[in-house]
1. Roughly how tilted is helix 38-53, in degrees to the nearest 10 and between 0 and 90, from the longest Cα axis of the chain?
2. When only alpha-carbon atoms are used, what values of Rg and Dmax, in angstrom, describe the chain?
3. Could you work out which residue, out of V50, V227, V81, moves most in a Gaussian network model of the chain, that is, has the largest mean-square fluctuation with Cα springs under 10 Å?
4. Given the convex hull of the Cα atoms of the range 120-205, what is a quarter of its surface area in nm²?
5. Would you mind estimating how fast the range 1-111 diffuses translationally, via Stokes-Einstein at 25 °C and 0.890 mPa s with the Kirkwood radius over Cα pairs, in µm²/s?
6. Scan the chain and hand back the longest stretch that contains none of the GluC sites (Glu not before Pro) lying in DSSP loops with at most 11 other Cβ atoms within 10 Å.
7. Ignoring everything except DSSP H segments at least 4 long, calculate the 222 nm mean residue ellipticity for the chain; use -39,500 (n - 2.57) per segment, divide by total residues, nearest 500.
8. What ranking do F69, F168 get, fewest neighbouring Cβ atoms within 10 angstrom at the top?
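All of the numbers you see were taken from the coordinates with simple rules; none came from a lab. Nothing here was measured: the structure is a model prediction, and the numbers come from that model. Here the Cβ is made from the backbone with ideal geometry for all residues, glycine too, and neighbour counts use every protein chain on show.
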Amino acid sequence: MRTVGRTDIGKVRDENEDAYLADEQTLVVADGMGGYEAGGTAARLAISEVEKHLYKPLKRARSNIAAAFVAANNAVRKAGVDLGYSQMGTTLTLALVQGDIAWIGHVGDSRAYLLCEGSLRRLTNDHSLVGELVRQGKLNPEEARVHPRRNVITQAIGSRERVKPDIFSIALQPGDRLILCTDGLTTGVDDDQIAALASPENSPDEAADNLIRAAKKAGGADNITVVIGDQDEKAPVKRGYRFMVPIVVVAAAVLGLATADYALSQNYYLSSVNGRVAINRGLPGGAAGYRFGRLEKLTAIRVRDLPGYFQKRLERRMVVGGDATLAKTMRDIERMAVRR
Ligand code: CA
């Protein structure tokens with residue numbers, strides 16, 4: 001599958017609390033909430049847990065997705081306690097593509113769409129107050145889109161002890177396009193516009209750019225994230241597990257480290273040290289008998305070369321998640337630093 005992802009801070013917020021993942025088999029969006037640094041941390045942690053659990057061998061896609069949602073929920077809840085964020089949560093919507101099947105996992109009010117032969121089908125139900133009212137026939141989708149309480153969501157990763165994701169599969173045809181997005185897109189841009197702006201004559205890159213531009217033109221009141229995947233003309237069946245279990249897993253098991261603490265030791269956070277971007281392992285602060293945070297690497301990237309909002313994030317220390325998320329974040333940072 002050919003995939004692209006874009007995220008944009010929008011025109012009003014001074015933080016981007018969305019996160020995404022786009023690789024040849026997986027599309028994920030997460031829309032963090034909780035204000036300050038909590039939302040972005042929740043979104044990145046959730047995606048990091050997806051990366052760890054989605055490709056575990058020997059299990060079926062459905063149970064791997066269920067495990068990923070449980071792990072994401074536990075990680076966000078634990079980080080909320082450790083970092084002292086009481087209202088920390090995130091939406092999580094993913095598509096895992098195996099041959100001509102796409103598995104969808106979903107919690108919250110981000111969305112997955114399927115664009116098939118020019119018609120757009122919404123695959124997910126919004127777990128939101130207005131989403132429920134639409135399903136009960138008490139609001140129409142247009143009323144829901146501008147409703148003053150449209151931000152009230154009924155289910156999020158991290159908000160409750162148990163999470164109940166919607167998990168289902170759909171069949172894909174060659175040429176089908178999957179679109180995952182956060183509500184920063186769908187609040188400003190309706191389904192007809194999405195179908196037109198993301199139509200197949202546009203490449204995935206062009207489609208993603210069109211959608212982000214339209215959401216900003218509509219006000220850009222929220223962070224906007226779009227991930228697009230095009231089903232190949234010939235789709236080989238792939239059984240993934242690209243994320244090898246690192247040898248340290250065995251070591252940790254031998255040492256008898258508690259699983260949750262171990263999982264968090266696999267996380268990285270970024271900070272500013274001597275005016276440069278520093279990569280640290282663990283979680284900043286360290287609470288509840290947990291103190292894994294340590295400097296892993298001081299990079300050559302100067303903090304003052306980065307955008308102001310990002311500098312603030314680094315000052316507050318920015319949790320990024322696991323190895324793959326770290327690599328992606330560092331590429332983003334390098335791009336931002338060069339651009340200025
Ligand atoms: Ca949002």
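1. 90
2. 19.4, 57
3. With Cα springs under 10 Å in the chain, the top fluctuation among V50, V227, V81 is at V81.
4. Numbers: hull surface 28.6 nm².
The orientation-averaged projected area of the Cα hull of the range 120-205 comes to 7.2 nm².
5. Details: Rh = 14.2 Å.
It diffuses with D of about 172 µm²/s by this estimate.
6. Values: sites that count: E117, E161, E201, E233.
With GluC sites (Glu not before Pro) excluded where exposed in loops, the chain gives 1-116 as its longest stretch.
7. Details: 11 runs with 119 residues, N = 340.
Result for the chain: -10500 deg cm²/dmol, rounded to the nearest 500.
8. Details: F69 25, F168 14.
The order, fewest Cβ neighbours first, is F168, F69.
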